[in-house]
Amino acid sequence: MSERLNQQLLRLTHLLQQERRARQAPAKELPYVLVNETAELIPYRQAVLWRKDVARIEAVSGVAKPEHNSPYALWLKAVFKHIEQSENARQIIPLTKADLPLELAKDWTEWLPEHALWMPLPAPSGEKYVLTLFREEAWNEAEIHLLYYLAEAYGHAFSLAEAASPAIPWLERLKVRKTQLILGSLLLLALFFPIRQSVLAEAEVVAHKPTLVRAPLEGVVETFYVLPNEAVKVGQKLFSLDRTELRSRLEVAKEKRDIAQTEYLQTTQQAMLDPTVKHELAGLKSKWDQESAEVDYVRTLLQRCDVVATIVGVTVFDDPNDWLGRPVTQGEKILAVADPKSVELEIRLPMEDLIVLEAGSEVLFFSNITPHKPLEARLNYFSYRASPTPADVMAYRLKASFAENEELPRLGYHGTAKLYGTRRPFILWLLRKPIQTVRLWLTW
């Protein structure tokens, strides 16, 4: 008898301690305290705290944060919603899978022990929370009676934790509201404050009006005498075409010329003895002249096989090995000779980054060599349509001239260009990409 009385006193002590612990717990820790520390008073295997007004699992014993989209949580949410619709949902009631419809009951043994206890937490503001305990043994009357007092204490603890903050004097509330209005007005002004639009794009320093060197005739590139970015003088050899075919053609033309000359001379001597053949002299003389002209023409083509520079500058092309042995057509571009002191900026602006740009718009060029020293330039050319880049990106081709007071960068330098457009409200610049994406989706 004495031992039983001691157990009851010990359980009563645990009840008082648990009530005190719940009332002193901060609002954020209270759900954790309920589902984990209640086991010191009544043994169970699992506890779940259910919030009725938002239909959400607030806490689960042994878990720091419940996963709301897990199969267990979704199934348990459906179970709690079903129990809420019963007549005894506002009372502490024991439950088993027999109290559920067949569709929900078939998964009970997979997720939960055999016996459950539905324990609403009454509070002056209404029942918002329900603590549900699960274990293998059935719940007896003594445990339910003890948990009844604990449920009231838990409900009161939630009321204290969720109690409204003390009333703020109207003057302080006015100050707070005034501050909020000022901050909101400043934010609104900032969103509609006009700023200059800007965009970044890849850029390269290219020659301004370079002299293009083209193939003088059809043939095969035989030799290159210069390297990329090499300084050349007027008359310096750049490259030459293969002469093998032209030499053969010259030999054939010479033979035809000699034959025509011999026929003409023989007919001239014969005309002295036979006047009837004099009428053939004009045709033979014309044939001789024609063949001689062919010889001179082929010799001119042989001379044109050597291509020389016509201005002073540097050569602009890639690798000479890409041209050696390659057949070219007449007029095909081989390389360019440019003045290193006459350069401009070529920019590739992707279509998706297009902004409103005008002639003379400001451009800053950040070279990969000296990114800390941007160079100023002005936009002077804008292609009317986009074309694919080597990276298969549709982009517009732009050109900009450097400012006169800037130190011109080296030909071929790469970097990033920052282009400045017209002024637009900050919110339009901020939402430019989202608006573009939404517009594309709405057109489908």
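Read-outs: derived from the displayed coordinates by stated rules, not from any lab. Note that the structure is predicted; figures quoted are calculated from it, not measured. Cβ coordinates were reconstructed from backbone atoms using ideal geometry, including for glycine residues, and neighbour counts include every protein chain displayed.
Details
- For trypsin sites (Lys or Arg not before Pro), the sites in the stretch 298-346 that DSSP calls loop and that have at most 12 other Cβ atoms within 10 Å are LYS341.
- Once the chain from ALA231 to TYR384 is taken as fully extended at 0.36 nm per residue, the excess over their C-alpha distance is 51.6 nm.
- Remark: the stretch 2-161 projects, on average over all directions, an area of 9.4 nm² (convex hull of Cα atoms).
- The local environment of THR329, defined by Cβ-Cβ distances under 13 Å, has a net charge of +1 under the rule Lys, Arg +1 and Asp, Glu -1.
- TYR381 long-range amide H proximity, modeled H, under 5 Å: LYS399
- Rel. contact order, % - alpha carbon contacts under 8 angstrom, at least six apart, the chain: 16
- Only aspartates and glutamates eight or more places from LYS106 in sequence, or on another chain, were considered; those with a Cα closer than 15 Å are GLU114.
- Full extension of the chain between ASP319 and MET351 gives 8.4 nm of extra length, using 0.36 nm per residue less the Cα-Cα distance.
- Helices that extend 24 Å or more along their long axis by alpha-carbon positions and average at least 0.5 on the Kyte-Doolittle scale are, among the DSSP H runs of the chain, 170-191.
- Annotation for the stretch 1-92: trypsin sites (Lys or Arg not before Pro) lying in DSSP loop with at most 15 further Cβ atoms inside 10 Å of their Cβ are LYS28, ARG45, ARG90.
- Over the chain, equivalent-ellipsoid semi-axes from the Cα gyration tensor in Å: 99, 31, 19
- Kirkwood hydrodynamic radius (C-alpha pairs) into Stokes-Einstein, the stretch 235-366, 10 °C and 1.306 mPa s, D in µm²/s: 77
- Straight Cα distances below 23 angstrom link LYS256 to the lysines LYS278, LYS285, LYS287, with same-chain residues fewer than 8 positions distant left out.
- Candidate cross-link partners of LYS233 among the lysines, defined by an alpha-carbon separation under 23 Å and a same-chain spacing of 8 or more, comprise LYS209, LYS333, LYS341.
- Counting Lys and Arg as +1 and Asp and Glu as -1 over every other residue whose Cβ lies under 10 Å from the Cβ of TYR264, the net charge comes to -1.
- FRET efficiency for ILE195 and ARG410, using Cβ-Cβ distance with R0 set to 30 Å, rounded to 0.05: 0.35
- FRET efficiency, 1/(1 + (r/R0)^6) with R0 60 Å, evaluated for VAL308 and GLN270 via beta carbons: 0.80
- Cα-Cα P(r), the stretch 339-442, percent of pairs per 10 Å interval: 13, 40, 34, 10, 2, 0
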